[in-house]
Structure formats: structure tokens, C-alpha cells
Amino acid sequence: MNKSPIGIFDSGIGGLSVLQSLQASLPAEHFVYWADSGHAPYGEKSDLFVRERSLAITEHLLQQHHIKALVVACNTATAAAIQELRSKYPHLILIGVEPALKPALQISKTGHIGVIGTRGTLSSDKFNKLLGSLHDQAHFSVQPCNGLALAIEQCTDVELGEQAAMRIHQLLEKYTREMGVFGSSAGQMDTLVLGCTHYVFAEKQLRSLLGPDVHLVSTGEPVARQTRRLLEAASLLRNGPEPRPTSARIQLMTNGDLPALQAAAQRWLDLPHLVCHKADSQV
Ligand code: DGL
């Protein structure tokens, strides 16, 4: 069992930002990643739809790839489906992601924190419970970013890429302006939580809009540490020998556009095209 791969899924390419941290922290492990791009974005769909997709993908990864653990590398799917996944698969090691409000509290000096995410995540009970438990410790400005995950999803598409890049810039400009003033002076937001795994791939654009002093907080590293801890506790860590070549350790599958996944994997993770595959559309 410890030689089995770790499964990861997201509505599309966003979870690659989590895979990046998993790879760095668990270099001997094998990974099978499911980009559900044929059904993206999740953030503006119903909870029921996202739950059904999450269950179907998990079942597929278990049956076809015999995964030993599952990382739900999507805030929206975690909010909508993690509870159901935990009760349906009580023996599977399951790791979800949620907007990193607690780490942001440790970082922020002004006590003014921005949070961006999908509508699904930010309107969920799970998120609002977390926010409610921390509301007396900082001032949070919460902004759903409709359209942003989709634009990021499209930005490596050959035909849509150029327009999508412009759209990302316009959306970020609009949403960050609506949130208030960013900066390190008193009363300004000095920390921005990226509550969607796609948004990590817009960090450069965010940085140029918000300036160098604003902290951008994402969840890849804590998720990788937690995955490692849980595998270790269950004696399921894959031990050497030497790490094998990337193409033997990583499989990325999409039910969307294969060249777009290949371009994203290459651009952001420096992964060769041959690790990417067109997935079974029945799932
Ligand atoms: N990457 C996802 C998240 O973290 C979902 C984006 C979407 O499909 O709307 O929420």
C-alpha cells in the first residue's frame, strides 16, 4: 500500500499549485492528478453538483489507481464535499484545503486581512463558521471573485489564452479595488488570503497591483505538511530508493483540453507533456 500513489483533484488546473508543494515535500511519492476541467469552474455551480463530481472522481481514483490518500486540492470542493467524502470513505486518508485565515492572522501586522475565493467557498457554512470564530481577532474583507478561476483556467489555452490574461488583470483590478486599500500602514490590508487554488497562478499580476509589501497567503505548503504527517502516522510513506524520474512518478489527467493542461504543467511545474493524459470522459 505504501507504494500506491496519492490522488489529487481540482476543478481544473488550480490544484497544480498544491501538487507543486506536495512534490517538494514528498519527492519519493507517486501522484495521480485529476483536472476536472470539463466541469470547471466549480465555484459558481451548486453544492450538489460539486459533491457529485467529488464523489465520482474519488471513486474513480480509488478503483482505477488504488490511491492510498486523497488531497482535495480545491477549496470549493472541500467546502461542499469533504464531510460526505469522510463519511463515505472512513478509512481513506483525506486532506482538504480551506482559506488560510489562521496563518494570515499570524502574519498580519495591521489586523486588516483580505480574503478572495469562489462564491461557493465564501458562502459555505464551513467558511463562515471559520470566519465567525476569528472575527474578533482581525478585520476581514471577504470578496468572491466570479469569473477569475475560469479566466485562469483558460489562460494556457491556445485560442483563449490572450483574452483570458487580459480578463484576469481586469477582474483582479476590479475586485481588489472593491475590497479597500492595501498596504502596510495602519488601517490598510497588509495580507491577502488566496482562498482558491487557481489564484496562486495569478500571484504575479496580484503582486504588480498590490505592491511588494502585501503578504499573499496560500495553502500548498501546510497541506503538503499535513499530508506527510498523516502518511507517516499510518506508516504509508513511500521510502526510497532514489526518487524516480518525474514521468514515472506523476500522471496528470484531464477531461478538458489536453494541450491546455500540458501548457499549464510545463509553465508552472516544469513538467513534460508526456505526464499529461486525456481522461476517461465517463467519470
Ligand atoms: N480551484 C478551486 C478552488 O480552490 C475551484 C475554482 C473553481 O472551479 O471555481 O476553489
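The values are calculated or read from the model by the stated rules, or taken from the named source; none is laboratory data. Since the structure is predicted, the reported quantities are computational estimates derived from the model, not experimental observations. With ideal geometry, Cβ positions are generated from the backbone for all residues, glycine too; neighbour counts draw on all protein chains shown. Please note that ligands, DNA and RNA were not included when accessible areas were found on the heavy atoms of the full protein model with its side chains. Shrake-Rupley method; radii C 1.70, N 1.55, O 1.52, S 1.80 Å.
Okay, here's what the table says:
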quantity: Residue identified as within 12 Å of the ligand (Cβ to nearest atom) and surrounded by 24 or more Cβ atoms within 10 Å (Cβ to Cβ) among LEU16, LEU22; calculated: LEU16
quantity: Qualifying positions in the stretch 58-81 - among the aliphatic types (A, V, I, L, M), away from the ligand (no atom under 13 Å from the Cβ) and part of a helix (DSSP H, G or I); calculated: LEU61, LEU62
quantity: Count of residues meeting criterion [assigned to a helix (DSSP H, G or I), touching a Phe, Trp or Tyr at 6+ places or on another chain (Cβ under 9 Å) and within 27 Å of ALA233 (Cα to Cα)] in the stretch 82-126; calculated: 1
quantity: Residue among ALA202, ALA260, ALA265 that alone is hydrophobic (A, V, I, L, M, F, W, C), under 25 Å from THR110 (Cβ atoms) and either assigned to a helix (DSSP H, G or I) or touching a Gly at 6+ places or on another chain (Cβ under 9 Å) (or both); calculated: ALA202
quantity: Boolean, TYR33 is of a type in the set (Ser, Thr, Tyr), surrounded by 24 or more Cβ atoms within 10 Å (Cβ to Cβ) and part of a loop (DSSP other than H, G, I, E, B); calculated: no
quantity: Hits in the stretch 113-153 - residues which are modelled with pLDDT of 95 or more, away from the ligand (no atom under 11 Å from the Cβ) and open to solvent by 50 Å² or more (accessible area, probe 1.4 Å); calculated: SER123, ASP125, LYS126, ASN128, LYS129, SER133, ASP136, GLN137, HIS139, VAL142
